[in-house]
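The values are calculated or read from the model by the stated rules, or taken from the named source; none is laboratory data. These numbers come from a predicted model, not from an experiment. In this analysis, Cβ positions are derived from the backbone assuming ideal geometry, glycine residues included, and neighbour counts consider all displayed protein chains. For the accessible areas, the whole protein counts, side chains as well, though only heavy atoms, and no ligand, DNA or RNA atoms are used. Shrake-Rupley method; radii C 1.70, N 1.55, O 1.52, S 1.80 Å.
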Amino acid sequence: MTTPTAPTGKGPSPQGPSAKATGPYRRAQVDPLIGLRAPADPPWDVYLTGTVFLDIIFTGLDSAPVRGTESWARGMGSSPGGVANMATALARLGLRTSLAAAFGDDHYGDYCWDALEQGEGIDLSPSRTVPGWHSPVTVSMAYEGERTMVSHGHEPPPEEPAPECPPRARAAVASLVPGTRAPWIAQAASKGARIFADVGWDDTGAWDLAGLADLEHCEAFLPNAQEAMRYTGTDCPRKAAHALTAHVPLAVVTLGAEGAYAVDGRTGETAEVPAIAVEAMDPTGAGDVFVAGFVTGTLADWPLEDRLAFAGLTAALSVQEFGGSLSAPGWAEIGAWWRQVRSLDRQDPEALRRYAFLADLVPQEAGRPWPLRRAVPTIGFGRSA
């Protein structure tokens, strides 16, 4: 089964009136949990903690930089990065998002704070600015559908945890570190949060699931195919997904250009959705956007296949823009994609049916509640009022 044929380019997006923020939360155009909300609910849908980077992204490189030469990029953008990628993606999908992070005491830190709190409506009340600490920076170079990154930063000084941190939330997203426990994960789970986790490459080479101690608190684990196979000792990502359900209720394995595969060990349900082929400008943060889409669908109680399809779609839309955080799509972009693919001739009816659940979700008219910020060449350039 194929996916719908996507448009090859993105035209100018109509700008709607700015939305007014309610407290720290700026309302998105669609609330995917509107039918599930109740007065006694936690104040936040998702809680996150991690490091915020200032990302500087170069695109349009013909090849990887070559030693002893100078390379020119055809495009450049700057945006908040690191955990800001996930936080922004969640907020733009309508989830009330709270972030605990350290911010540098410099212009980069001020920019990232403003972009997240004022620009995206993310709650930063658990966050702090560290005097005398400079913001971590990553330079990302995108070419041939891949990226190479160079980062610099220092660990911020430790801080005593606040009594209400982590705050009550429906869910939390964590990045597991082999051999290390993060106490906040157990604390969040004890307050009723559903924990979604991904993992990075195991530089130790051990690939021991027992080393992912916080996996016991997780509802869902979302590794890529190589990570899943190495952790389970299998030779097939789909086999790996099934093996992971012995350790976590829901396993989602991303398959790159092939899409994603998921197994719910509680019900035995499986789902597989192919990727949407797009021309990628910058893949930075696409994995974070995928997780955000999957978390959104899970909290909204969508069927497993719809969650996978939605996660893949949001990730595909994100790689067509600069940067990891400010490339995340909102509902206006999702709605525009759905209207366009339905308008194209000779679409595969089965492929369109896979995304038919969007019809009851996306805005019926073009427009957006406030102009989405995009990455800009330099800090402060083209800043919206």
To the nearest Å², the heavy-atom accessible area per residue of the stretch 254-307 with 1.4 Å probe amounts to 38
For the stretch 221-304 the GluC sites (Glu not before Pro) that pass both the DSSP coil test and the at-most-16 other-Cβ-within-10 Å test are E269, E279
In Å², rounded to a whole number, the accessible area per residue of the stretch 107-217 with probe 1.4 Å is 52
Checking rank on 300-306, 312-318, 211-217, with mean other Cβ inside 10 Å and highest first, the result is 312-318, 211-217, 300-306
Cα convex hull volume per residue for the stretch 20-179, in Å³, equals 175
Under the rule rounded for a/c under 1.5, else prolate if a/b exceeds b/c, else oblate, using alpha carbon gyration tensor axes a ≥ b ≥ c, the stretch 133-188 is classed as prolate
The percentage of the accessible area of the stretch 20-151 (probe 1.4 Å, all protein chains present) made up of carbon and sulfur atoms, to the nearest whole number, is 54
Taking Lys and Arg as +1 and Asp and Glu as -1, residues besides T138 with C-beta under 12 Å from its C-beta add up to 0
The local net charge around L361, scoring Lys/Arg +1 and Asp/Glu -1 for residues other than L361 whose Cβ lies under 11 Å from its Cβ, equals -3
Note on the stretch 198-289: alpha-carbon gyration tensor, axes a ≥ b ≥ c; rule is a/c under 1.5 for rounded, else prolate if a/b larger than b/c, else oblate; result oblate
Per residue convex hull volume, Cα only, the stretch 239-298, in Å³ is 92
Carbon plus sulfur, as percent of the 1.4 Å-probe accessible area of the stretch 262-321, comes to 48
